[in-house]
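In what follows, a structure is listed as structure tokens, so that the remarks can point back to it.
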Amino acid sequence: MVVGVNGTGKTTSIAKLAKHYKDQGKKVLVAACDTFRAAAGEQLEIWTERVGVEMIRSQPHQDPASVAFDATKAACARGLDVVIADTAGRLHTKINLMEELKKIKRVMGKALSGAPHEVLLVIDATTGQNGLSQVRMFNDAVGVTGIFLTKLDGTAKGGITIGIADQFKVPVKYVGLGEKPDDFQRFEPAWFAEALFT
């Protein structure tokens, strides 16, 4: 399950993750659970076609949780390996939208015990102290298991991740380094620490 505020690069990050798993020989299904933004499904469809993975689309104004449930059930029935649930970007301060995330997580667990096995919070590397409140609110709502740090290809150093790791003990798992599906790597602490000082 991939969560985050608007504009952090969730869609691109999902495409990168999907390609990463596909390159490992896994069968991947992306669930388009952003049913509010009209262009979200189209955007995701372009990316999933580009990286060559399947996608389950929602109907306009369909309950996002039902899309996640259907995708999880479909993946189990078809013997797929990975489901990546895209969720609508939301401000972490909007209580009703955070409740919706809890519901998505709950129904995925009903479709497959233990799901989602990973809840990744996408954070823009240019985010300052606000990143801490993002982690706090999303973590309280759905239990964040890892951070996907985006936009490290620009001038941003992503120093907020040190505060996040220190305060919340949530590991940074992946970093995005550009717009292309291959502009992606697993987080390496030594490399990151060196980049902070260069």
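Read the figures in this text as sums done on the coordinates, not as results from a lab. All of these numbers come straight from a predicted model, not from anything done at the bench. For neighbour counting, all protein chains shown are included, and Cβ atoms are generated from backbone atoms with ideal geometry for every residue, glycine included.
For the residues 124, 86, 70, a GNM of the chain with alpha-carbon springs under 10 Å puts the largest fluctuation on 70. Full extension of the chain between residue 132 and residue 117 gives 3.1 nm of extra length, using 0.36 nm per residue less the Cα-Cα distance. Listed by chain and number, the aspartates and glutamates placed with their C-alpha closer than 15 angstrom to that of residue 110 are 70; residues fewer than eight positions away on the same chain are left out. Between residue 146 and 119, 121, the built amide H atoms are under 5 Å apart, and every one of these is 5 or more places off in sequence or on another chain.
Which whole-number percentage describes the relative contact order of the stretch 2-196, with Cα contacts under 8 Å and a sequence gap of 6 or more? Once normalised by length, the contact order is 23 percent.
Between 54, 179, 188, the GNM of the chain built on Cα springs shorter than 10 angstrom shows 188 fluctuating the most.
Only the Cβ atoms of Lys and Arg (+1) and of Asp and Glu (-1) were treated as charged; on that basis the dipole of the stretch 1-43 about its Cα centre amounts to roughly 180 debye. For the modelled label position 7 Å from the Cα of residue 76 along Cα-to-Cβ, which residues of the stretch 109-134 have backbone nitrogen atoms closer than 18 Å? So the set is 109-118. For the chain, a simple Cβ point-charge model (Lys and Arg +1, Asp and Glu -1, everything else neutral) yields a dipole of about 440 debye relative to the Cα centre. Return the single residue from 79, 128, 176 with maximal mean-square fluctuation; model: Gaussian network over the chain, springs between Cα atoms under 10 Å. In the Gaussian network model the winner is 79.
Ordering 196, 85, 161 by Cα displacement along the dipole of the chain toward the positive end leaves 85 in first place; charges were set at the Cβ atoms of Lys, Arg (+1) and Asp, Glu (-1).
Taking the DSSP bridge list for the chain and keeping only pairs wholly inside it, about 15 percent are antiparallel.
Between the listed residues 147, 116, 5, the Cα displaced farthest toward the positive end of the dipole of the chain, a dipole computed from Cβ unit charges relative to the Cα centre, is found at 116. The helix-only estimate of mean residue ellipticity at 222 nm for the chain, built from DSSP H runs of length n ≥ 4 each weighted as -39500 (n - 2.57), is -14000 deg cm²/dmol after division by the residue total.
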